[in-house]
Amino acid sequence: MTQSVGANLSCIQHHIHTTALHNQRDPNSIRLLAVTKSQPIALIQQAIDNHQYRFGENYVQEGIAKIQYFKQHVPNSRLEWHFIGALQSNKTRLVAENFDWMQTLHTLKVAHRLAAQRPASLAPLNVLIQINISAEGTKSGIKPSDLLPFARQVVTLSTINLRGIMAIPDPNLDKEQQQHQYSELFALYQRLKVVYAPVDTLSLGMSHDIEAAIAAGSTMLRIGSALFGNRNKTQDSIVRNNE
Ligand SMILES: *Cc1c(COP(=O)(O)O)cnc(C)c1O
């Protein structure tokens, strides 16, 4: 991609705006999370210069290096860091101590560790429960039917703030399957919202399915390649092997 991050950002924002209106939705009800895994500091800085302050990282160490860098170089910043990768339970402390949001919660063990390790000096850690919407048992996330009992446990933890659900649907669904799964996710989100008032986030939609996600009621899009260009696959795997 030859365009600048600033140009890509305004293009995506415009796309979100028009798609929201087309679906009779308030454009301001949709937050944009810039996914920066394997992207260099310089591109993140370009996004910040264009008033993008919400970032998602998949790998703990890589994310923390960036969080620390911007803490030093953009003091008193409004930056918000979301952990969106698979989290091994031996790395929960790093997430609890450094991130603002954890989007892939799906075990009680990790919930309890995050809660115990969240420093009292920080605001509660915002969490999303990851839902495994595809039928296969291979993907991470809890079954839709387990959501309410799981949430009931999570909300007892005072250093954690349950904000909603997230999902990573199979990118190869046909239109009909996609619509079916996305509306199931929206229904789950609404059910959770009725029970727990602070719930305000359905994290659904990536570069390839922005329109379907907005149509289905997503309130947070996680956008990487449409914003920063294609990730360098070698770089991606170097990062992963070092985690
Ligand atoms: C990488 C990633 C994204 C962004 O994907 P793009 O297709 O680059 O927009 C979103 N969510 C998760 C969980 C990811 O790992």
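The values are calculated or read from the model by the stated rules, or taken from the named source; none is laboratory data. These numbers were taken from a predicted model, which means no experiment stands behind them. All Cβ positions, even for glycine, are placed from backbone atoms using ideal geometry, and neighbour counts span all protein chains on display. Calculation scope for accessible area: heavy atoms of the full protein, side chains included, ligands and nucleic acids excluded. Shrake-Rupley method; radii C 1.70, N 1.55, O 1.52, S 1.80 Å.
On the protein heavy atoms, probe 1.4 angstrom, tell me the percent of accessible surface of the chain carried by carbon and sulfur. Carbon and sulfur together cover 50 percent of it. Maximal additional length on extending the Asn50-Ser29 stretch stands at 5.6 nm, based on 0.36 nm per residue less the C-alpha distance. Per-residue Karplus couplings for region 30-44, computed as 6.51 cos²θ - 1.76 cosθ + 1.60 with θ equal to phi - 60°, are listed in order as 10, 9, 9, 9, 7, 8, 10, 4, 6, 9, x, 3, 4, 6, 5 Hz, Gly and Pro entered as x. For the chain, the relative contact order works out to 22 percent when only alpha carbon pairs closer than 8 Å and six or more residues apart are counted. Classify region 1-145 as rounded, prolate or oblate, taking a ≥ b ≥ c as the square roots of the eigenvalues of its Cα gyration tensor: rounded when a/c is under 1.5, otherwise prolate if a/b is larger than b/c and oblate if not. Verdict is oblate for region 1-145. Between Ala123, Leu202, His180, the Cα set farthest toward the positive side of the dipole of region 122-228 (charges on each charged residue's Cβ, about the Cα centre) is that of Ala123. Note on the chain: percent of Cα-Cα distances in each 10 Å bin, starting at 0 and stopping at the bin with the largest distance, equals 7, 32, 39, 21, 2.
Solvent-accessible area of Tyr69, all protein chains in place: 80 Å² (probe radius 1.4 Å, heavy atoms, ligands and nucleic acids excluded).
Over the chain, DSSP H runs of length four or greater, each weighted -39,500 (n - 2.57), average out per residue to a 222 nm ellipticity of -13500 deg cm²/dmol. Just tell me which lysines come within less than 22 Å, Cα to Cα, of Lys193; anything on the same chain fewer than 8 places away is out. Partners found: Lys143.
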